[in-house]
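Here the structure comes first, spelled out in structure tokens, and everything after it is commentary.
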Amino acid sequence: MAPLKDIGLAEYTLERLPRLAELRRLAFSRKPEICIERARYVTKYLKYRDDPKDSPELRQAKKVSHFLRRKRPCFPDRNLLAGTTTSKPLGAPLFPEFFALALWPELETVSTRQKNPQILSSEDAHELNQLIFPFWMDRSVLEVAKTRFENPACLKLFESLVFFIAGKAGCISHCVPTYVPMLEKGLSGLIAEAAARETEAAKAAGGENAPTVQFYRAIQIALQGIIEYATHLAEEADHLAGVSDDPELKREYAEMAAVCRQVPAQPARTFREAVNAIWICQVGIHAENINMAMSPGRLDQVLYPYYRRDMDAGRLDIAGAVELIGCLWLKLADNVIMVPEASEEMFGGAGTVPAVTLGGVDRDGEDAVNDLTYILLRVTELLKVRDPNVNARYDYEKNPQAYRDRVSAVILNTRAVPAFFNDAANIKALCGQGETLAHARDYAVIGCVELASSGRDYPASSSIMLNLSAAMEMALYGGRRPITGATQIGPVTPSGAAVTSFAAFWEAFKQQLDWLIDQAVQTNEMLGAVHQEMMPSPLLSAFFEGPLQSGRDLIRGGAIYNSSGATHIGFADTVDSLNAIESAVFMDQRVSFTDLVKAIENDFGGADGEKLRQYLKNRTPKFGTEHPIARKNAQNLIGHLFHTYQSRTNYRGGRYRPAYWTMTNHAGLGGISGAMPNGRKAGELFASGITPVSGAAPALTACLNAVAELGGKQVPGCWALNIKYTPEKDLLAMRQRFAQTIEAYFRSGGQQVQFNIMDYAMLQDAKRHPENYPELMVRVSGYSAYFKDLNDLMKDELITRTQYGLTDGRAVPFDGQD
């Protein structure tokens, strides 16, 4: 069949696709509701049916299967795909194994709170209060870890939340399963393979109770749970077809019933069956793993054989493919995370960030862009929804410029998505982690920006979120932080007059930073050990290369690659603080180190303090410029973090990978952190991801080059670089400059970049009048959010981000800046 005549697919509009238009309208009109279905059934199972003599994998599989067999089949709208994440049209599922109990004090207020309310019925609130939450008081991952390890200092440090966040207390999830074997063999084929391996393992181990034997049995039980859920979907669809008086609706339900009888139990035969099979398995995975950054991966590659076959056979047309992918996009967005009010400042407005990856090269290093790539791009452009988090890989040697330009056009039209990823730099980074070239070429994006070889790497990419400003403050105050009072937190290092050179301060900073990393790693290892006994993933393991072959669950190192991710908050502010100390104190001698610390402690109060702050803010070297001091300190910090993390081995035998993305934590942590040597006052927001501090990088090219030179081998977890551009009337001319700028940045080594195409005035107006911008989507730090849902701190951070004009490449002055 001939390739697409118009890769922009301009003729396919929401006006011509009324189903998608209506589903999109419903998606924006729905209010999130808390769903207790999973919490109810896993609690009942553990109370009345659990057998402690089973292996952890077998206990988990039986628990998950118990829920899936009882999960209610729901058809809340005219979506062509069967299956829902929760029992609500837009649901927030509860995972009591993690932080669900944080909702306990809010059971009566969560439905009516001012910011981002989540509806909870009085009946469900009563059940949580009386029957579910009491059972879990001492059974969550964090509580079990505190008991098992006698509440060590590192866990106490984590619970303060101002030093680092340990992701495993709330989830692992963040990964990219592979759905290819399921589509080719069906779950029944995977079950048969696990059964055969169970028989072999039992013979080799001399009994049925060997851990490997129980692991293979656990996979079968878990996957059978998904099959039974699909069977119930088919039965419900049949019932709805039988009672419907609408011939069209009757036909749709009958077709969905037929699809669910085939997949995912049996191999997918058509494009529709393949799409629905992936979705039902995604739902199944969320019965076991919390709904955070569970990413479907390279869907244009996975689904293309089914698309091509149906197109060639005349069973599918472009409109039908667009409609099915649109249905999948809106299904991926049918759930949100439960966010207690106390966490709004850190995580408010975030979706669940299931990442979809498009384009790039294939395992042989050749152009992987295909017709389905452009269909997925068109759906992204039409729907403009925050989830899934769509990402476009680009290889400037192999991918056509027409693809680069089309992705650019979609970004300009949506104002925010997708993000761009550089194949050359990212493949190099993954090869540096010991991945084969073929596996590295088959990388996909997880959640915000993290990288993983599809279905081979179980990276736990949000294991650590480290606050770099904490290490900076500890170096300034000899191991203390003002926010925690006079308590000695870190090692005692020189302070005040004892700091006689920048080299001495750099050593003190590294000592505090390394100590903090050790605490975070120790916490992650403890929580990992608890996950191994309490939260293994036999169901998810079936969708990875490695576990079936090795007989080990993902949580026990069964994947081919087993890294742990550590991301960092406050990178640019920390680099600029190092720059300020080196230049203002030790080179130019504008202020003594002792007086600088006093001014910081006083939040630059008084006339002299403000004069010093203005000097530090405006006259010292800044990350994002070509100043040699700024470039040196950024490179030194990146290098030190890389080597420090890489020297640690995690509980699954893999290495720690540093990254630079921040979600909304740069706003939340900035709001509670003290003043810094770069002139930042207490409570001001940190810069996001690896983005320079707002207003610090006046020239676009220098900014992009300063970031790009850090990329490649030393940032294997990738980064989030946020760039804001002034919108232009001539979109065609803007697109050309836009695309060329990205290409130049990638050829300089940049790994990733994402955009907001909006100006200061628009965002200020959106903050004042949210009712006029109900669908305004913005890029935060690796993911998208609706501006109206963000807290005020995060809104202010987006407003004040440096805005560049593409025509002159200069920063646009912000009237509100001092």
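The values are calculated or read from the model by the stated rules, or taken from the named source; none is laboratory data. This one's a predicted model, so the numbers in the text were calculated from it and none came from an experiment. Cβ placement follows ideal geometry from the backbone for every residue including glycine, while neighbour counts extend to all protein chains displayed. For accessibility, only protein heavy atoms count, side chains too; no ligands or nucleic acids. Shrake-Rupley method; radii C 1.70, N 1.55, O 1.52, S 1.80 Å.
Of all the residues in the stretch 726-748, those that are open to solvent by 60 Å² or more (accessible area, probe 1.4 Å) and not in a loop (DSSP other than H, G, I, E, B) number 7. Scanning the stretch 619-678 for residues that are part of a helix (DSSP H, G or I), closer than 18 Å to V715 by Cβ and free of Cβ contacts under 8 Å to residues at least 60 places away in the same chain turns up K632, N633, H643, Q646.
Here I555 meets the list (1) open to solvent by less than 10 Å² (accessible area, probe 1.4 Å); (2) touching a strand residue (DSSP E or B) at 6+ places or on another chain (Cβ under 9 Å); (3) not charged (D, E, K, R) almost entirely, failing just condition (2).
Contact map, the stretch 19-41: first residue in contact (Cβ under 8 Å) with a residue 12 or more places away in the chain, second residue among the small types (G, A, S) and open to solvent by 10 Å² or more (accessible area, probe 1.4 Å), Cβ cut-off under 7 Å, separation 6 or more or different chains; pairs are A27/A333; C35/S87; E37/S87. Condition check: farther than 24 Å from E450 by Cβ and either in a loop (DSSP other than H, G, I, E, B) or within 22 Å of the chain's Cα centre (by Cα) (or both). Does S694 satisfy that? Criteria met by S694. Screening the candidates N772, N756 for the property of being under 30 Å from Q614 (Cα atoms) and modelled with pLDDT of 95 or more yields one hit, N756. Taken over the stretch 714-746, the criterion of being more than 25 Å from H568 (Cα to Cα) and either in contact with a Pro (Cβ under 9 Å, 6 or more places away or on another chain) or basic (K, R) (or both) is satisfied by K729, M734, R735, R737. Checking every residue in the stretch 509-526 against the condition of being in contact with a helix residue (DSSP H, G or I) (Cβ under 6 Å, 6 or more places away or on another chain) and open to solvent by 60 Å² or more (accessible area, probe 1.4 Å) gives at least one match. For the stretch 360-374, the count of residues that are among the β-branched types (V, I, T) and under 17 Å from K331 (Cα atoms) is zero. Note on the stretch 143-152: residues that are assigned to a helix (DSSP H, G or I) and more than 20 Å from K47 (Cα to Cα) total 4.
Here's the yes/no breakdown for (1) touching a Phe, Trp or Tyr at 6+ places or on another chain (Cβ under 7 Å); (2) without any contact (Cβ under 8 Å) to a residue 24 or more places away in the chain:
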position: T231; (1), (2): no, no
position: A234; (1), (2): no, no
position: G297; (1), (2): no, no
position: V302; (1), (2): yes, no
position: P305; (1), (2): no, yes
position: D312; (1), (2): no, no
position: L316; (1), (2): yes, no
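When the residues of the stretch 430-473 are filtered to those that are in contact with a Lys or Arg (Cβ under 6 Å, 6 or more places away or on another chain) and part of a helix (DSSP H, G or I), the one that is surrounded by the most Cβ atoms within 10 Å (Cβ to Cβ) is E473.
One residue stands out in the stretch 480-499 among those that are within 32 Å of the chain's Cα centre (by Cα) and either in a loop (DSSP other than H, G, I, E, B) or among the β-branched types (V, I, T) (or both): the one that is nearest to A667 (Cα to Cα), namely I483. Restrict the check to the stretch 529-550 and report whether at least one residue is open to solvent by less than 10 Å² (accessible area, probe 1.4 Å), touching a Phe, Trp or Tyr at 6+ places or on another chain (Cβ under 7 Å) and over 19 Å from C175 (Cα atoms). Scanning the stretch 529-550 turns up no residue that is open to solvent by less than 10 Å² (accessible area, probe 1.4 Å), touching a Phe, Trp or Tyr at 6+ places or on another chain (Cβ under 7 Å) and over 19 Å from C175 (Cα atoms). Evaluated against (1) of a type in the set (F, W, Y); (2) within 23 Å of Y477 (Cα to Cα); (3) open to solvent by less than 20 Å² (accessible area, probe 1.4 Å); (4) not in a loop (DSSP other than H, G, I, E, B), F686 falls short on exactly one condition, (4).
From the list A293, A258, A321, exactly one residue is crowded, with 22+ Cβ neighbours inside 10 Å and over 23 Å from the mean Cα position of the chain (by Cα). Which is it?
Details: A293 fails: over 23 Å from the mean Cα position of the chain (by Cα); A258 fails: crowded, with 22+ Cβ neighbours inside 10 Å.
Just a single option satisfies the conditions, and that option is A321.
When V339 is tested against (1) assigned to a loop (DSSP other than H, G, I, E, B); (2) open to solvent by 20 Å² or more (accessible area, probe 1.4 Å); (3) touching a helix residue (DSSP H, G or I) at 6+ places or on another chain (Cβ under 6 Å), just one condition goes unmet, and that condition is (2). Looking across the stretch 380-402, just one residue is more than 21 Å from the chain's Cα centre (by Cα) and surrounded by 24 or more Cβ atoms within 10 Å (Cβ to Cβ), and that is D395.
If I go through the stretch 6-20 residue by residue, how many of them are under 31 Å from the mean Cα position of the chain (by Cα) and among the basic types (K, R)? Counting residues in the stretch 6-20 that are under 31 Å from the mean Cα position of the chain (by Cα) and among the basic types (K, R) gives 1. Of all the numbered requirements in (1) under 19 Å from L685 (Cβ atoms); (2) out of contact with any Phe, Trp or Tyr (no Cβ under 6 Å at 6 or more places or on another chain); (3) part of a helix (DSSP H, G or I), A572 misses one, and that requirement is (2).
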